[in-house]
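Below you'll find the structure, written out as structure tokens, and then a few comments.
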Amino acid sequence: MDKYIVFGNPIAQSKSPQIHSMFAQQTAQVISYARQLATIENFKPSLDELFADPSAKGCNVTAPFKEQAAQWVDELSTGAQLAGAVNTIIRQANGKFLGDTTDGPGIVQDLLRLKAVNQGARILLLGAGGAARGALQSLLALQPSLLLVANRTESKAQQLASLIPQNNLQACGFSDLVAQTEPFDLIINSTSASLSGELPPIADNVIASCGFVYDMSYSDKPTVFLSHAKQLGVTRFSDGLGMLVGQAAESFYLWRGVRPEVEPVIAALRAEL
Ligand code: NDP
């Protein structure tokens, strides 16, 4: 049986084994998928050990090992090179290990599923951490008229935007957003503020005039950012549960060559939150 593992620390909370088991059942693929706790010291030896077993065909990697995984693999996809991080390792037919990142395709898949974005959209991306960096290239592939990265620490937003020099990718600090007179079609909150129940300090009118608000964080209740947007009159919004399932679906596709249906899996996870 082909074997897969997700590494992380902590890892007990990971929904990946459940998601991949649902994908496997749905597509009649016979695989095993387990979670494994690692440490900074034993992560790379754990990869060596896993892949010494020829039935191990790939693995997922979550925090805090995504950068180490990028160093371990033989080759990086262009997305992983740009992100400087790997969340999916694939054993290729030639025996080499490819590192890829599926967070970007995962969020784009979810935005398209939600009909949250069209070509030529004005997109505001809040935050400039790992999740924003991982999403950047995929968001640009949607051909927005503007992708504006705004971050609390403005220099990090500038640094991120400089990775892909093109006119429709710009950066600023939160306070500069008041100068944006044209509404955004989509705001994506990729800050970790929601995890601590905080709001990124964005002018209310920027949020109120937006067509769709997406928060990469998710929980059983609407995140503080989504509740705030709703109070301001925004009617179309979503949390990041679909992104989680979307990135897993992309990993599954890279390993198995089959695209699972995400809707039933999102619904099953939502019911259990
Ligand atoms: P990082 O730690 O790499 O980056 C955090 C970002 O949030 C930085 O830009 C930081 O700004 C900003 N930030 C933190 N606190 C605040 C605050 N109080 N106000 C404003 N900005 C703040 O985290 P990640 O990029 O890895 O993850 C970000 C979020 O995305 C998390 O909530 C995570 O759960 C979610 N996520 C969801 C996924 C999914 O599948 N749904 C996948 C990946 C991530 P500064 O630079 O100024 O410190």
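A few points about this structure:
- Around TYR4: net Lys/Arg minus Asp/Glu count, Cβ-Cβ under 13 Å: +3
- Counting Lys and Arg as +1 and Asp and Glu as -1 over every other residue whose Cβ lies under 10 Å from the Cβ of ILE90, the net charge comes to +1.
- Here the Gaussian network model covers the chain, with springs between Cα atoms less than 10 Å apart; of ILE90, ILE202, ILE40, ILE40 fluctuates the most.
- Apolar share of the accessible surface for the range 117-235: 47 percent from carbon plus sulfur atoms, 1.4 Å probe.
- Among GLN158, SER209, LEU186 - extreme Cα towards positive end, dipole of the range 117-235, charges at beta-carbon: GLN158
- For VAL6, distant residues with modelled amide H under 5 Å away: ALA34, ARG35, GLN36, ASN60
- With the helix formula -39500 (n - 2.57) applied to DSSP H stretches of n ≥ 4, the chain reaches a computed 222 nm mean residue ellipticity of -11000 deg cm²/dmol.
- Fraction of antiparallel bridges per DSSP, the chain only, in percent to nearest 5: 15 percent
- Cα-based Rg of the chain normalised by 2.2 N^0.38 Å, two decimals: 1.01
- Neighbours of LEU147, meaning other residues whose beta-carbon lies under 12 angstrom from its beta-carbon, give a summed charge of 0 when Lys and Arg score +1 and Asp and Glu score -1.
- Total charge dipole magnitude, the chain, about the Cα centre, Cβ charges on Lys, Arg, Asp, Glu only, Debye to nearest 20: 280 debye
- Size of the range 117-235 from its Cα atoms: along the principal axes, largest to smallest, the extents are 37, 26, 25 Å.
- Residue ranges 131-138, 245-252, 153-160 sort as 245-252, 131-138, 153-160 when ordered by packing (mean number of other C-beta atoms within 10 Å per residue, highest first).
- Each of MET1, SER55, ASN94 was scored by the projection of its Cα onto the charge dipole of the chain, and the greatest displacement toward the positive side belongs to MET1; charges sit on the C-beta of Lys, Arg, Asp and Glu.
- Projecting the Cα atoms of VAL117, GLN81, SER14 onto the charge dipole of the chain (Cβ charges, centred on the Cα centre) puts VAL117 farthest toward the positive pole.
- Here the range 128-216 is treated with +1 on each Lys and Arg Cβ and -1 on each Asp and Glu Cβ, and its dipole about the Cα centre works out to around 300 debye.
- Look at where the Cα atoms of the range 169-233 and of the range 247-273 average out, and the two centres are 26 Å apart.
- For the range 150-162, putting each phi into the Karplus relation 6.51 cos²θ - 1.76 cosθ + 1.60 with θ = phi - 60° gives couplings of 10, 9, 3, 8, 4, 4, 5, 5, 4, 5, 5, 5, 6 Hz, in residue order, rounded to whole numbers and with x for Gly and Pro.
- Accessible surface, the chain, averaged per residue in Å² (probe 1.4 Å): 45 Å²
- Summarising the amide proton neighbourhood of PHE237: residues at separation of 5 or more, or on other chains, whose placed amide H is nearer than 5 Å comprise VAL213.
- Within the range 61-117, trypsin sites (Lys or Arg not before Pro) in DSSP loop having at most 11 other beta-carbon neighbours inside 10 Å: LYS96, LYS115
The values are calculated or read from the model by the stated rules, or taken from the named source; none is laboratory data. In this text, all values refer to a predicted model and were calculated from it rather than measured experimentally. Neighbour counts are summed over all protein chains in view; Cβ atoms, including those assigned to glycine, are modelled from backbone coordinates with ideal geometry. In case anyone asks, the SASA skips ligands and DNA or RNA and just uses the protein heavy atoms, side chains included. Shrake-Rupley method; radii C 1.70, N 1.55, O 1.52, S 1.80 Å.
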